[in-house]
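Participant: Dropping a structure here in C-alpha cells format, bear with me for questions.
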Amino acid sequence: MFTLLIGGARSGKSALAQRLAEQSGLHVTVIATAEPRDEEMKERIRRHRRDRPTAWRTVESPVDLAAAVSAAPDDDFLLIDCLTLWVSNLMERGTSEDAILDAGRHVAGLLVARHAVVVTNEVGLGVIPASELARRFEDVLGRVNATFAESAQRAVLMVAGRALDLTSVETVLRRS
C-alpha cells in the first residue's frame, strides 16, 4: 500500500510526499538516505528537516534501508526520501548491481503491506551520460525505480509541481 513519487530535481516530489504523510493521519517516520558530504547537501538536509513537523521521527539510513523499514513501528506512515541517494550510496561503497537490485526488491516487498510514500528521481529522460559510471548509475536506478513502481499501489510522475498518475503496463495491455 505504498506510493512511488518519481520526477526530476525540484519537481515537487518531496513536498507532495510530505503532504501525503500529513494527510495519512498516522504517526510519521521519515527515512532519509542523504549523507551530508558538502555544504549544499547539508543545507538541503537542514531545509527538509525545517519543513517537517516536529512530531515526525527521522531515521538517517543512507545504506541499510531494509533495516530502517523493518525497525519502524508497523502502524507508522513511512516517508522514504530518497531512492536516488540510496542507490548512489550503495554504488559508492562498491555494492554490485545485482546486490542493489536484490536489496531494492527486498525493500519494495517490505513496503507492500505498509502505509508509505517513496521518493526517487527519474534520471533517464535526458541525454545519455558521457561516463561509464554515470551510465551504470542511470541504468541501476532505472531498474530499481521500475521494481518499486511495479510493487507500489500507485506511481506518480512529478513534473514542474504537477502530478501525473502512471498507469501500469498490465493496465495498458488489458485496455488494448
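Participant: Can you pull out every residue in the stretch 1-43 that is charged (D, E, K, R) and assigned to a loop (DSSP other than H, G, I, E, B)? Before you say what the answer is, go through the steps one by one.
Facilitator: Residues of the stretch 1-43 charged (D, E, K, R): 10, 13, 19, 22, 35, 37-40, 42-43.
Within the stretch 1-43, Arg10, Glu35, Arg37, Asp38 qualify.
Participant: Specify which of the listed residues (Val127, Val118) is closer than 25 Å to Ala163 by Cα, surrounded by 13 or more Cβ atoms within 10 Å (Cβ to Cβ) and out of contact with any His (no Cβ under 7 Å at 6 or more places or on another chain). Write out each step before concluding.
Facilitator: Numbers: Val127 fails: surrounded by 13 or more Cβ atoms within 10 Å (Cβ to Cβ).
One residue alone meets the criteria, Val118.
Participant: For the stretch 64-176, list the helices (runs of 4 or more DSSP H) that sit wholly inside it and hold at least 2 residues that are closer than 23 Å to Thr29 by Cα and not aliphatic (A, V, I, L, M); which are they?
Facilitator: Per the criteria, 83-92, 97-111, 132-151.
Participant: Do you know which of the residues in the stretch 84-99 that are of a type in the set (Val, Ile, Thr) and closer than 25 Å to Arg154 by Cβ is surrounded by the most Cβ atoms within 10 Å (Cβ to Cβ)?
Facilitator: So the residue we want is Val87.
Participant: Yes or no: Arg57 surrounded by 12 or more Cβ atoms within 10 Å (Cβ to Cβ), within 23 Å of Met158 (Cα to Cα) and more than 12 Å from the chain's Cα centre (by Cα)? Even if it seems obvious, please write down each step before you answer.
Facilitator: Numbers: surrounded by 12 or more Cβ atoms within 10 Å (Cβ to Cβ): yes; within 23 Å of Met158 (Cα to Cα): no; more than 12 Å from the chain's Cα centre (by Cα): yes.
The answer is no for Arg57.
Participant: Taking only the stretch 43-55 into account, find how many residues are in contact with a His (Cβ under 8 Å, 6 or more places away or on another chain) and either among the β-branched types (Val, Ile, Thr) or within 12 Å of Ile31 (Cα to Cα) (or both).
Facilitator: So in the stretch 43-55, the residues in contact with a His (Cβ under 8 Å, 6 or more places away or on another chain) come out as 55.
Among the residues that remain, those that are also either among the β-branched types (Val, Ile, Thr) or within 12 Å of Ile31 (Cα to Cα) (or both) are: none.
The total comes to 0.
Participant: Any idea which residue in the stretch 44-54 is farthest from the chain's Cα centre (by Cα), counting only those that are closer than 25 Å to Ala152 by Cβ and assigned to a helix (DSSP H, G or I)? Lay out the reasoning, then the answer.
Facilitator: Within the stretch 44-54, the first condition is being closer than 25 Å to Ala152 by Cβ, and the residues that meet it are 44, 48, 51-53.
Cutting the leftovers down to assigned to a helix (DSSP H, G or I) gives us 44, 48, 51.
On the way: Arg44: 16, His48: 15, Asp51: 18 Å.
Result: Asp51.
Participant: To continue, here is another question. Within the stretch 150-169, how many residues are crowded, with 19+ Cβ neighbours inside 10 Å, within 12 Å of Glu122 (Cβ to Cβ) and either without any contact (Cβ under 8 Å) to a residue 24 or more places away in the chain or among the small types (Gly, Ala, Ser) (or both)?
Facilitator: The total comes to 1.
Participant: Here is a check on your reading of the model: is Ala72 crowded, with 16+ Cβ neighbours inside 10 Å and in contact with a helix residue (DSSP H, G or I) (Cβ under 8 Å, 6 or more places away or on another chain)?
Facilitator: Spelling it out, it is not the case that Ala72 is crowded, with 16+ Cβ neighbours inside 10 Å and in contact with a helix residue (DSSP H, G or I) (Cβ under 8 Å, 6 or more places away or on another chain).
Participant: Condition first: more than 16 Å from Thr3 (Cβ to Cβ) and without any contact (Cβ under 8 Å) to a residue 40 or more places away in the chain. Now tell me which residues in the stretch 140-149 satisfy that.
Facilitator: The answer is Gly142, and nothing else.
Participant: Only residues in the stretch 87-99 that are at pLDDT 95 or above count as the first member; pair them with residues that are not in a helix (DSSP H, G or I), Cβ under 7 angstrom, at least 6 apart or cross-chain, and list the lot.
Facilitator: Asn89/Thr33; Asn89/Glu35; Asn89/Pro62; Asn89/Val63; Leu90/Val63; Arg93/Val63
Participant: Mind checking which residues of the stretch 100-136 are charged (D, E, K, R) and either farther than 23 Å from Val156 by Cβ or within 14 Å of the chain's Cα centre (by Cα) (or both)?
Facilitator: First, the residues of the stretch 100-136 that are charged (D, E, K, R): 102, 105, 114, 122, 132, 135-136.
Once the filter is applied, which keeps residues that are charged (D, E, K, R) and either farther than 23 Å from Val156 by Cβ or within 14 Å of the chain's Cα centre (by Cα) (or both), the stretch 100-136 yields Asp102, Arg105, Glu122, Glu132, Arg135, Arg136.
The values are calculated or read from the model by the stated rules, or taken from the named source; none is laboratory data. This one's a predicted model, so the numbers in the text were calculated from it and none came from an experiment. Positions of Cβ are backbone-derived with ideal geometry, glycine not excepted, and every protein chain shown enters the neighbour counts.
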